[in-house]
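K.L.:
Before anything else, here's the structure in question.
The values are calculated or read from the model by the stated rules, or taken from the named source; none is laboratory data. This is a predicted model, so every value here is computed, not measured. Every residue, glycine as well, gets a Cβ built from its backbone with ideal geometry; the counts of neighbours run over all protein chains shown.
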């Protein structure tokens, strides 16, 4: 009997370990979502996303739910434009991992807070427009506990204007201020949240030696508990140009929030959350770096690279870029995982 109990406990532990460490890649190819193992093999179709706005979908970190934003491909909002996040109407849906049991979380035509009041304005900065209709959604991501959705937006025709809003993933209630306005938690876009930290793309300026003012999009870190925010990259006034790692797109937090990876037109970069030790692992126009969830040590990062031998930057392949064994060694060549990927996420199995 003791042997049977021991074997049962052993196989149970093995099962738990497998569920924690196994990973899946969810990826977009055209108007559909697919899932494969983390080597890119055994793909299967999950659901059609024909009406999903660009890459505005995200898998919860627990791997159980999908969130996706849908809006008409043509046509403008009707009625009160202040009721929309963008010029066109938008609706966020939640479903299970396979796209079933879909329910509407909220819509920009009828966005209400917990008291039933319509939320039509954003509490951002007095110098920027507070009408939600003038903000275009750019990214949709989950908090690390899979309870909150972060919707990032940019002000239409103004790339300097950035805002990230928080929404309860259970009932769609927006984080609002005392006036019933949708409250911006950070002036940044393309965020990823893990615990109390958010990383994203902010904006700042500096005075170059040539005169005038120059803007760029630095890596920005927000601590939601301490209510602190700061750009990781700063450029002193009088500098002739920004460093090659100044602009950060779609940054990702590594294990224990100790390392951050981000892409830009100059390559794939890593640094710590204080902006120390910037290092370029790959060259090229890198998109969407992501770490494996549930892994205690970062062995590398998944990312999208433009298809080789083509001038079309909109066609990407998915690679895994391994970290070098020593900081003094060059990074090994990235390993191809799968071809023709528009967007992806990696989640526990």
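Conditions tested, residue by residue: (1) within 16 Å of residue 188 (Cα to Cα); (2) at pLDDT 90 or above; (3) in a strand (DSSP E or B).
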| position | (1), (2), (3) |
| --- | --- |
| 106 | no, no, yes |
| 109 | no, no, no |
| 115 | no, no, no |
| 126 | no, no, no |
| 140 | yes, yes, yes |
| 146 | no, yes, no |
| 150 | yes, yes, yes |
| 159 | yes, no, yes |
| 163 | yes, no, yes |
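K.L.:
Right, here's the next one. Got at least one residue in segment 201-214 being more than 15 Å from the chain's Cα centre (by Cα), over 29 Å from residue 277 (Cβ atoms) and either touching a residue at least 12 places away in the same chain (Cβ under 8 Å) or surrounded by 23 or more Cβ atoms within 10 Å (Cβ to Cβ) (or both)?
P.N.:
yes
K.L.:
Just wondering, is there one or more residues in segment 166-177 that are within 22 Å of residue 260 (Cβ to Cβ), part of a strand (DSSP E or B) and under 17 Å from the mean Cα position of the chain (by Cα)?
P.N.:
Just the residues of segment 166-177 that are within 22 Å of residue 260 (Cβ to Cβ), to begin with: 166.
Next cut, part of a strand (DSSP E or B) only: 166.
Those left that are additionally under 17 Å from the mean Cα position of the chain (by Cα): 166.
Scanning segment 166-177, I find at least one residue that is within 22 Å of residue 260 (Cβ to Cβ), part of a strand (DSSP E or B) and under 17 Å from the mean Cα position of the chain (by Cα), so the answer is yes.
K.L.:
Taking the residues in segment 286-295 that are at pLDDT below 90 and out of contact with any helix residue (DSSP H, G or I) (no Cβ under 7 Å at 6 or more places or on another chain) as candidates, determine which candidate is nearest to residue 332 (Cα to Cα). Step through it out loud before you land on a result.
P.N.:
Our first condition is that a residue be at pLDDT below 90; within segment 286-295, this holds for 292-295.
After this cut, where a residue has to be out of contact with any helix residue (DSSP H, G or I) (no Cβ under 7 Å at 6 or more places or on another chain) as well, the list is 292-293.
Working: 292: 18, 293: 22 Å.
This residue is 292.
Rundown of residues vs (1) within 14 Å of the chain's Cα centre (by Cα); (2) crowded, with 21+ Cβ neighbours inside 10 Å; (3) assigned to a loop (DSSP other than H, G, I, E, B), yes/no style:
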position	(1), (2), (3)
284	no, no, yes
297	no, no, yes
308	no, no, yes
319	no, yes, no
324	no, no, yes
329	no, no, yes
340	no, no, yes
344	yes, yes, no
347	yes, yes, no
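K.L.:
Take the conditions in a loop (DSSP other than H, G, I, E, B) and on the phi > 0 side of the Ramachandran plot and apply them to residue 256. Does it pass? Steps first, answer last, please.
P.N.:
Numbers: in a loop (DSSP other than H, G, I, E, B): no; on the phi > 0 side of the Ramachandran plot: yes.
Criteria not met by residue 256.
K.L.:
List pairs: first residue in segment 164-182 and on the phi > 0 side of the Ramachandran plot and touching a residue at least 12 places away in the same chain (Cβ under 8 Å), second residue surrounded by 19 or more Cβ atoms within 10 Å (Cβ to Cβ) and part of a strand (DSSP E or B) anywhere in the structure, Cβ distance under 6 angstrom, at least six positions apart or on different chains.
P.N.:
172/105; 172/106
K.L.:
Under the condition of being out of contact with any strand residue (DSSP E or B) (no Cβ under 6 Å at 6 or more places or on another chain) and under 19 Å from residue 138 (Cα atoms), which residue from segment 32-62 is surrounded by the fewest Cβ atoms within 10 Å (Cβ to Cβ)?
P.N.:
Top of the filtered list is 50.
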